[in-house]
Every structure is written in structure tokens, then in C-alpha cells.
Amino acid sequence: MPVRLQEITLNVAPVPSTTTGAAALSLFLSDPALFALPVRMPVTDGGEAPIAHVTRARLTEALAGPNGRDIFAARPVHHLVTPAPVIAEGTVSVALIAKQAAEQGTSALTDGVIVMEEGAYKGLVSPAALLKALAEENTARARNQQASQRRIEEMKARMVSLVEGRSRFLAFIGHEIRTPLTGILGVADLLKDQSVTNESRRLAETISNSGQHLERLLNDLLDLSRLEAGKLPVTMQPFELRQFASETRDLWQPKLDAKRVGLRIAVARSAEARIESDAGRLRQILFNLVSNAVKFTDRGHVTVQMSTVPAGEGLSLVMTVADTGRGISDADKARLFEEFEQADETTATTHGGSGLGLSIARALTRRLGGDIMLADNAGGGCLFTVTVPVQKAGPRLAVENPAPAGAGRFDLGEILVAEDHDTTAFVIREALIAAGWRVECVPDATIAAQRLAVRRYQAILSDVHMPGGGGEAVLRAARFGPGHNSAIPILALTADATPERREACEKLGFNGLIEKPVRPRALVAALADTLLNAPREKQAKAI
């Protein structure tokens, strides 16, 4: 709390204006702590006598001068009062008095302050008391600032801990959800491939669609958590802009055809053919925006346009997504990019969705150094504009890279699957058997090491986390064990497909990584690619 004058006021009775200098000096000599004497000045207009004061220093200086005692000792003391004294109400803060002294050159810090209370004289405040109060107030303020800074740092640390804790929790939940998702999506894929009737195929498709929706929601939550923690990596690589647009068309055309909504995707003729950025994150941004446009467009069309424009000394990629849907009010636009927000209360029940798509799109755009804007589409509906800084990439180089001898063909052999989750092992086994491989499944690393010592396999699929030492133990047993599997491909199975996990698996010596939930066709394709691109005698090329 600020110190007020009334808190440090010294109650000194005023002396009459007729008091002589000699009498005033006697009062000062009798009280060494007395710095000034209040003087009730002569009344000039018939009102109350005004208050002035004469300081010890001023009186002493006058009396010590040439003939000072002869002149001032017998004269009334009101001839020596401080000119333009500082007079203030007791409720005024010490800080304000000091500020006025510094800015206006008042005498408060040299001659003190005359304190009044509702117009009546109350007492005096000495310069020493003012300076002491200021010092104590500044010290208290500094202590409070230090305490506040400590609290801020503690709150920051707590927030970082909370964010990291939430990230770890979501990562754990993600791992736990991805494993049973293998059963949902994998078995649904197997059922679709084996279905003999349209009805059974439709039921399998329904299961698959629901599982994919759950997987997208899980990925959104994990991405949002990584973005908040500042741990979402960006991988800058060159890519073809028109190929990027073509892939977007191939992904969304069937969905819009089913809704009987047109899809227009165009790349400006003046756009750079090859640019460098994180194509995966750009694809994710565009996916969320197109998904939002498709959701709210029941007739008309969705238009995607891409172009590159100069930006200072660099280049910017501009992507616009326009729809002819119902549009969004100005009030809803202001909150639409917030987490878990929908355009209105009926959106979730009518159109579905978690309200994370646009929030993640904006966060990803800003992670890439750009921004995203929302406006009304001239033809009705909404217009989203994404602007992201990119680099111009050079042309693709035609480098001769002959395939290794024996690459491009392989015989179907036996695959060892080390996986402790029964459902995941079932999906992998059924998918590989259907593709023509022989499969042996073991539930832990210890049994896998025993089998590797006595049997030769074409490849190994090993879960990263499982009893007996996990995938690392399986890797060591194959590469350095007594068997004949030191050169065969070993692929990691994991629900954690983060760049950190991929890098860790690569450093350990895995030839590739297969992410859970395991999809049968993707699994077969990954394994086939590995074997096709490996020398036949080694078959150890990474996917």
C-alpha cells in the first residue's frame, strides 16, 4: 500500500508570526529533532491565518551571516519563512509528493511538507521522513516485484509441467487406443476382403469408417498436444506443387461425388513448379479446410486454388479454400479457430466433428511461419486463405541409381512376428498369410531369440514394447545371435510413430517402422517394398 503523508506527520504546534528569530532559535536548540517551525502568518483578508514554516537550516544560515544576530534575532520570524512551501492534504501519497518535487522542482525534499486536514493545519513532514518512507516503499515494491516474478516463474514452470504431463498422458492414451484400433480397422479390412455379400461388405465398411474417424480424432488430439508443447517437428523437403494438388483431388473427389458437390482444384500458371516446405503439414492443413468445406456444403462446389507470390526476398505459398455453403456469422468467425468450437450449437449434432480441425489448421499454419484468414465467399459460403513462407526448389535431378543385384523380386518365405497383443498378432498373421507368406508368431522377445537361433526367416516384424526386452532384444538376437538372420530386414511395430521414435529405431538398426493401428494392405505393401528393394541375398533395405 502507498504511504500517505498523514502516516508520517509530526504534530508540531505553530508559533505566532511575531515570534522573534532568537526565540525560534531557542526552540530549535531545545529539540534537536525539530527540523522546522510552523508559523501562523498574519491575517490579511479577515479569514483564518495561513500557515507557513521556517526551517532550522534557513534560520541558522540567516543568524550566522554578517550582522545576522543584530538583524534577525529581534525581528519577527515570519521574515524567514520558506517561500512557496509545499502544502498538501494528509491523504496525498508520499510518492506523489516526490514525483512533483522531481518534475516541478518543489522544496518538499529539502524543506519538508506542511500537512493539512480538510483545510486545517495538521502538522509537518520532514525531508528525512519523506526519503525514509520512499526508501521503504521502494524496498517493499522491489520485494513484491521479486515475489511476483517468482510466482510468475513458478506458474510458468507449472504450466510447462501441465502441458508436458498432458502430452505424456495423451501419448500413453494414444498408444493404448492405437493397439485395439488395430483390431477394429485390421479385422474390418480383412472382413471387407473376404466378404461375399454386399451386406457383409457394407457392415465391414461401417466398422472401418468408424475406426478411421476415431483414429483421426486421436491424431488431432496428439497433434494439438505437440503443438502446445512446441514439440511438433517440421520437415522441409522439395515437392511438386501440381502433384500435391492432384493428390488432394484424388483424395476428395469420391467424397464430393457422393454428396453431388463439385470439386475444383487449380494451380496458378505463374506458380513455381517445385517448392520446399513440409508437404505433410501442408496436406494436413488443406485436409482440415477441405473437410470443413465439404461438411457445410450441400450444393454447389468447393474450390481450391494454389499459387506462389513474391514475399520480400522470398516466396509465399497461398492456398484458398472456398465453398458455397451456408456461411458463418461475424460473431462465430471470431471464435471458430478456438479449440473444440463449432459454428453453432447444432453443428456437432448435424454435421459431427470435434471442433479441432480449424484450430489445428491455424496452429500448423503458424508453426510453418504463416497465417490463415477467414472471410465471406463472394458466391456465398466461406473463404479460407492460407499464406505460408516457402522456398523455391530446384528441378528434380535425373540421377542414375541402378538397383542392387537381385532387387525387384523375391520369393515368399516365412516371417517371424514378435507381438504380445493377441489381436494385433492375429491381424498381422491373417494379412500376411492371405498374401502368401508363412507366419510364425511369438508373444515375447525371449521366445523370439530362441526361434532366431534355430530357424531362418525372410524378415522379422517386432513390437517395440513387449516382455523379454522388447524390440531391441529381438534386434540384438537377430543381428548378433547364433542363427542365420543377421542380414534380414527387421521392421519395428509401434503405436508411437513420432519423429523421435523413428530416429530411435533407425539408430538401433531397424530397417523400417510400421505404425499401429496396423492396416493389412499397408502392412503387406510395406513388407513387399522392403523385400523388393533389397538385394536378394541380404533383403535388408529400409522402407
* To do: Please name all residue pairs, on different chains or six or more residues apart, with Cβ atoms under 7 Å, provided the first residue is in the stretch 156-180 and is under 19 Å from L232 (Cβ atoms) and the second residue is surrounded by 14 or more Cβ atoms within 10 Å (Cβ to Cβ) and polar (S, T, N, Q).
  => R166/S225; S167/S225; L170/S225
* To do: Six or more apart or on different chains, Cβ under 9 Å: which pairs go from a residue in the stretch 265-290 that's buried (at least 18 other Cβ atoms within 10 Å of the Cβ) to one that's part of a loop (DSSP other than H, G, I, E, B) and β-branched (V, I, T)? Could you list them?
  => S277/V234; D278/V234; D278/T235; A279/T235; R281/V234; R281/T235
* Can you name the residue in the stretch 167-204 that is surrounded by fewer than 16 Cβ atoms within 10 Å (Cβ to Cβ) and of a type in the set (D, E, K, R) and is also farthest from A497 (Cα to Cα) among such residues? -> E199
* Hey, could you check the stretch 137-166 for residues that are of a type in the set (D, E) and surrounded by 13 or more Cβ atoms within 10 Å (Cβ to Cβ) and say which is modelled with the lowest pLDDT? => E164
* **Positions within the stretch 453-475 being under 25 Å from D411 (Cα atoms) and either in a loop (DSSP other than H, G, I, E, B) or touching a helix residue (DSSP H, G or I) at 6+ places or on another chain (Cβ under 9 Å) (or both), in sequence order** => A453, R455, R456, Y457, Q458, A459, I460, L461, S462, D463, V474, L475
* Has the stretch 242-262 got any residue that is in contact (Cβ under 8 Å) with a residue 60 or more places away in the chain, surrounded by 14 or more Cβ atoms within 10 Å (Cβ to Cβ) and touching a Lys or Arg at 6+ places or on another chain (Cβ under 6 Å)? -> no
* To do: Evaluate the stretch 171-190: report whether one residue or more is out of contact with any Asp or Glu (no Cβ under 7 Å at 6 or more places or on another chain) and more than 30 Å from E430 (Cβ to Cβ).
  => no
* Working carefully through the options A393, A398, find the one that is in contact with a Pro (Cβ under 6 Å, 6 or more places away or on another chain) and either closer than 30 Å to L368 by Cβ or modelled with pLDDT of 95 or more (or both). => A393
* Structure fact -> Scanning the stretch 219-238 residue by residue, those part of a loop (DSSP other than H, G, I, E, B), in contact (Cβ under 8 Å) with a residue 12 or more places away in the chain and small (G, A, S) turn out to be A229
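The values are calculated or read from the model by the stated rules, or taken from the named source; none is laboratory data. No experiment lies behind these values; they were computed from the predicted model shown. Cβ: placed from backbone, ideal geometry, glycine included. Neighbour counts: every protein chain shown.
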